[in-house]
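Step one of this worksheet: look at the structure below.
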Amino acid sequence: MTTGVAVQKRHMLYEGKAKQVFATDNPELVIFYFKDDATAFNAKKRGSIEGKGVINNRVSELFFTLLEKAGVRTHFVKRLSEREMLCRKLEIIPVEAVVRNIVAGSMAKRLGRAEGEVLPRPVVEWYYKSDPLDDPLINDDHAQVFGWASAEELAKMRALTLKINDTLRAYLDSRGITLVDAKFEFGRFNGDILVGDEICPDTCRFWDKATGEKLDKDRFRRDLGGVEDAYQEVLKRVEQ
């Protein structure tokens, strides 16, 4: 695929909580438009974070570029503008991967563990991608029995998740950020599995390495204030 060729933006294919996806004149490419809309608890809490779309677009570009250099294929082609990204059109696998390095969020609630407990090794969890069901936790058997992903696909997704985690942890650690946990989405493209969606403060938990200050969407979820400043701080450090 030649990525230097200009594409024409066509009709909107999908609008989600944080992005709009548009068709192009190339059937293998789509355009992501990043919004400032903010949601939490599966859209039960709604708001807006000024400049979030611009920051998430740029942070995702930086992370996808980093992963490509590490040998992880992604849907990213190029950033078109402050809010738009050109991507390969994936057949999304409806199984989201969450990798956890430190106990936080739903893991703390489900298992009665203290937030901040460092795990001896990363834990990978699967969630069924379904807004009406609040993205329930599932296992390999669910994914295979209901035809969402094959055993081979799950094995590859798990390996990719751990490689992405290792790559991002090292990169962020050198910039004073701890990667607490992260959500990744995958899709099929010409016989391969690629990383899709976005990787940013909306989809990851970032804590300041020195102070433990939250630098992610938990500031919005928990009404901690300083949301815009936290997102800006992540971008500042990631761009170093």
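Between 41, 34, the distinction of being crowded, with 17+ Cβ neighbours inside 10 Å and either in contact with a strand residue (DSSP E or B) (Cβ under 7 Å, 6 or more places away or on another chain) or not β-branched (Val, Ile, Thr) (or both) belongs to 34 only. Of all the numbered requirements in (1) more than 25 Å from residue 170 (Cβ to Cβ); (2) out of contact with any helix residue (DSSP H, G or I) (no Cβ under 9 Å at 6 or more places or on another chain); (3) crowded, with 18+ Cβ neighbours inside 10 Å; (4) not hydrophobic (A, V, I, L, M, F, W, C), residue 83 misses one, and that requirement is (2). For beta carbons closer than 9 Å, sequence separation of 6+ or different chains, a first residue in the range 116-136 that is in the same structural domain as residue 15 (by TED's automatic domain parsing) and a second that is surrounded by 13 or more Cβ atoms within 10 Å (Cβ to Cβ), there are no qualifying pairs. Only a single item in (1) without any contact (Cβ under 8 Å) to a residue 24 or more places away in the chain; (2) of a type outside the set (A, V, I, L, M, F, W, C); (3) crowded, with 18+ Cβ neighbours inside 10 Å is not met by residue 185, and it is number (1). Checking each residue in the range 18-31 for being touching a residue at least 40 places away in the same chain (Cβ under 8 Å), touching a strand residue (DSSP E or B) at 6+ places or on another chain (Cβ under 9 Å) and outside any strand (DSSP E or B) picks out 18, 28.
The values are calculated or read from the model by the stated rules, or taken from the named source; none is laboratory data. As the structure is a prediction and not an experimental result, all values here were calculated from the model. Counting neighbours? That spans all protein chains shown, and the Cβs are built from the backbone with ideal geometry, glycine included.
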